[in-house]
Each structure stands twice: as structure tokens, then as C-alpha cells.
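Since every read-out is calculated from the coordinates, none of them should be taken as a lab result. None of these values were measured; they are calculated from a predicted model. Neighbour counts run over all protein chains shown; Cβ positions are idealised from the backbone, glycine included.
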Amino acid sequence: MTEEQAGLIAACIQGDETAIAQLVQSHQLGVFRLALSVLNDPSEANEAAQDSFIAALRALKSYKEASSFNAWLYTITLNISRSRLRKRKTQERLKHTLTTIFHIRWQVAPGVEETVIHNEEDAALWKALGTLNEKHRTPLVLRYYHDFTIAEIAALMNIKEGTVHSRLSIGREKLRVILNNSRKVSGE
């Protein structure tokens with residue numbers, strides 16, 4: 001960790017609002033993208049990112065400089081995002097069960113979609129990433145968007161390094177197929 005980063009963290013612990021804003025701003029996009037890669041919903045990813053920063057700021061005193069601050073923050077984000085995903089799946093199962101039992105029609109109001117990624121190629125890649133299951137999507141995002149090492153990804157996800165390699169390989173192949181198929185459909 002750099003002296004500047006250590007000073008920023010110390011200022012955040014002291015409650016310096018400017019330092020907190022700077023810390024959040026410098027990690028905001030990465031935290032949001034990680035949450036989005038797990039949740040595949042911009043609105044929910046935004047909420048998860050906010051929850052992640054709140055949790056991180058509350059736990060900042062317990063941060064140990066032996067580990068990377070990014071890894072520590074992304075572990076919090078990953079845990080919060082996965083928790084939200086589990087909660088969503090539980091709610092979806094409950095909704096399905098109630099619908100089946102009571103023959104209720106649930107109407108879900110469409111959310112206001114924000115433009116998350118402006119670049120067409122980036123948008124196509126994120127769309128393709130969204131079709132992958134979480135176990136293949138998350139390592140790809142951590143590796144290629146956040147530049148984590150295989151060892152760091154293994155630690156973050158609590159899996160073996162060989163599993164990370166395997167999931168990256170399978171994920172890349174699935175992405176290649178999806179992107180090639182979308183190019184054929186669009187006539188490129």
C-alpha cells in the first residue's frame with residue numbers, strides 16, 4: 001500500500017468527509033462493475049455498491065494492511081452482492097410457489113434502466129457476460145476488469161487456483177461463442 005493510500009484510509013477512519021468522498025470516488029466504478037457482474041441488474045448493483053461502501057467504512061478500522069485494500073473492498077462487495085443474489089433467488093422461488101398455489105398474477109413494474117456502458121463493444125461484452133452464470137462471470141470480471149491475480153481471485157472466491165484457471169478458460173470460451181454468434185446475427 002502506498003503512503004498516500006494509507007493516509008487516505010487513516011483520514012477516513014478519523015471521519016474526514018473529503019477523504020471518504022475521495023476513497024469512494026476512486027473505487028466507485030470497480031465496485032459497481034463487480035456488483036453488476038454478480039447481480040446483472042444496474043439498479044440493484046448500484047444499491048449493492050452503496051451497501052459495500054457503507055460496510056467497508058464501518059469496518060475500516062479492522063482493515064489489515066497485509067492484504068490489498070482492493071482485495072479487501074472487493075471481498076466485501078462480492079459478499080454483499082452474493083447475499084443480494086441469494087435473497088433475490090429466494091424471493092423468486094417464493095413468488096413462483098405462491099403463484100402456483102394461489103394462481104396469482106404478479107405484475108412487476110419495469111425499472112428505469114440507466115445507461116451503464118456507452119461503448120457498443122463494451123455493451124456487447126457486458127451483455128454476453130450477463131448470460132454467463134456467476135461462477136464463470138465473476139472470475140472473468142475480477143481478472144480482466146479489475147486486474148486481480150489468479151491467487152487473489154482464488155482467495156476472494158474461496159476456491160482453488162486451478163478452479164480459477166478452469167472457470168476463466170470455460171468463461172472465455174463461452175464468451176467467444178456468444179460474441180461470435182451475435183456478430184453473425186448482426187451481419188458483421
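Label separation (LYS89 vs ALA11): 4.1 nm, computed from points 7 Å beyond Cα along the C-beta direction. Quick check: net charge around ILE9, other residues with Cβ under 13 Å of its Cβ, Lys/Arg +1 and Asp/Glu -1? Its environment carries a net charge of -2. For the pair THR149 and ILE54, the difference between a 0.36 nm per residue extended length and the Cα-Cα distance amounts to 31.6 nm. When the convex hull of its Cα atoms is viewed from all sides, the range 4-51 shows a mean projected area of 3.5 nm².
Peptides 3-16, 46-59 ranked from most to least packed, by the mean per-residue count of other Cβ atoms within 10 Å: 46-59, 3-16. The length gained by stretching the chain between LYS160 and GLU3 to full extension, at 0.36 nm per residue less their Cα-Cα distance, is 53.3 nm.
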